[in-house]
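In what follows, a single structure is set out as structure tokens and then discussed.
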Amino acid sequence: MSSLKGKIALVTGASRGIGKSIALELAASGAFVVLNCTSRGVEKAEDVLKTIRSNGGDGMVKAFSVSDSESVNQAVDEILKEKGAIHILVNNAGIAKDALFMRMKDEEWDDTLNTNLKGSALCARAVVRPMMKAKEGVIINITSVVGEMGNAGQAAYSASKAGLIGLTKTLAKELASRNIRVNAIAPGFIDTEMTVDLPESAKSEMLKVIPMGRMGSGKEIADAVLWLASDKSTYITGQVISINGGMYV
Ligand code: NAP
């Protein structure tokens, strides 16, 4: 895999789970990684940064909520002042508040859409100007298999992730002429804190519909992020890469 030396990457939701794996992988390839999380996750993000540094990489922690426009813009300004550019944005921060549609509360819909969809749009908008200035950029949106296929009990989450696919395709078309590539990755059932609390019965039902018969790992998602961020994928934009063990084909 080619080097990301000299590249500045912002990974949202990098305190744990898939975002942590992505941050470790990008840093291992030479990128300076800005690890975002909410104020709740700072300690964990600092631990990720320690691991990055002990492996010879570098980065910094930047806590802000992706759903708050002012905080996003301020954080991006601070990163630019300190590092001069943002070449790679990985919109990974996400939440899932599952409920049957008839019982879903307004607040659950708003929180999910605000974090997963609006948060990704706000971060993308904030980095596009510096990317244009740098005449290069890569944006990778972490959507979900349920954004492609739907899932009972996940109306808000599925809608937010399907919306992210629409955002990905539109930004790809708007920004291609500026040498900014925008792609999405749609993970299937991945072993993280988001899935750890699912009842065993729900997990075994899920595994039955995965031809590969197992959950995926954060590393398996991070490997694809690394590829999309690298110069090994320079003619790829507007695509959704499904990584789901055959769950949705
Ligand atoms: P996770 O373990 O629950 O981690 C979520 C991350 O998002 C944490 O770092 C969290 O930070 C951060 N976050 C949440 N709200 C935020 C906000 N408003 N602003 C900034 N950061 C915020 O989740 P995961 O399983 O790694 O999932 C990562 C992404 O992959 C999500 O977009 C998820 O929808 C997607 N995905 C996951 C799966 C799966 O099976 N796990 C499948 C498909 C797609 P704090 O530590 O501060 O809370």
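The values are calculated or read from the model by the stated rules, or taken from the named source; none is laboratory data. Values in this document were obtained by computation on a predicted structure and should not be read as measured data. As a convention, Cβ positions derive from the backbone with ideal geometry for all residues, glycine included, and neighbour counts pool all protein chains shown. These accessible areas exclude ligands, DNA and RNA; they are computed on the full protein's heavy atoms, side chains included. Shrake-Rupley method; radii C 1.70, N 1.55, O 1.52, S 1.80 Å.
The table for this structure:
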item	result
Count of region 15-37 residues which are near the ligand (Cβ under 6 Å from one of its atoms), out of contact with any Leu (no Cβ under 9 Å at 6 or more places or on another chain) and assigned to a helix (DSSP H, G or I)	2
Among residues of region 172-192, those that are open to solvent by 30 Å² or more (accessible area, probe 1.4 Å) and among the hydrophobic types (A, V, I, L, M, F, W, C), counted	1
Test: residue in region 108-125 that is buried (at least 17 other Cβ atoms within 10 Å of the Cβ), more than 15 Å from the ligand (Cβ to nearest atom) and within 21 Å of Leu26 (Cβ to Cβ)	no
Which numbered condition Ser54 fails, given (1) in contact with a strand residue (DSSP E or B) (Cβ under 8 Å, 6 or more places away or on another chain); (2) without any contact (Cβ under 8 Å) to a residue 12 or more places away in the chain	(1)
Residue within region 77-88 that is open to solvent by 30 Å² or more (accessible area, probe 1.4 Å) and within 14 Å of the ligand (Cβ to nearest atom) present	no
Residue in region 197-208 that is among the small types (Gly, Ala, Ser) and within 13 Å of the ligand (Cβ to nearest atom) present	yes
Residue pairs meeting the criteria (Cβ under 7 Å; at least 6 apart or on separate chains; first open to solvent by 80 Å² or more (accessible area, probe 1.4 Å), in region 35-47; second polar (S, T, N, Q))	Lys44/Ser15
The lone exception for Val42 - which of (1) over 30 Å from Ala152 (Cα atoms); (2) among the β-branched types (Val, Ile, Thr); (3) in contact with a Cys (Cβ under 9 Å, 6 or more places away or on another chain) it fails	(3)
Flag for Arg214 being part of a loop (DSSP other than H, G, I, E, B) and modelled with pLDDT of 95 or more	yes
Check on Val61, in contact with a helix residue (DSSP H, G or I) (Cβ under 8 Å, 6 or more places away or on another chain), part of a helix (DSSP H, G or I) and more than 19 Å from Asn116 (Cβ to Cβ)	no
Every residue from region 206-233 that is under 16 Å from the mean Cα position of the chain (by Cα), more than 14 Å from Gly188 (Cβ to Cβ) and charged (D, E, K, R)	Lys219, Asp223
Of residues in region 61-76 being out of contact with any Phe, Trp or Tyr (no Cβ under 8 Å at 6 or more places or on another chain) and surrounded by fewer than 18 Cβ atoms within 10 Å (Cβ to Cβ), the one farthest from Ile142 (Cα to Cα)	Glu70
Some residue of region 147-166 being among the acidic types (Asp, Glu), open to solvent by 30 Å² or more (accessible area, probe 1.4 Å) and in contact (Cβ under 8 Å) with a residue 40 or more places away in the chain	yes
Some residue of region 209-223 being more than 16 Å from the ligand (Cβ to nearest atom) and acidic (Asp, Glu)	no
Selected residue (criterion: nearest to the ligand (Cβ to nearest atom)) from residues of region 126-157 that are under 13 Å from Ile88 (Cα atoms) and assigned to a loop (DSSP other than H, G, I, E, B)	Glu136
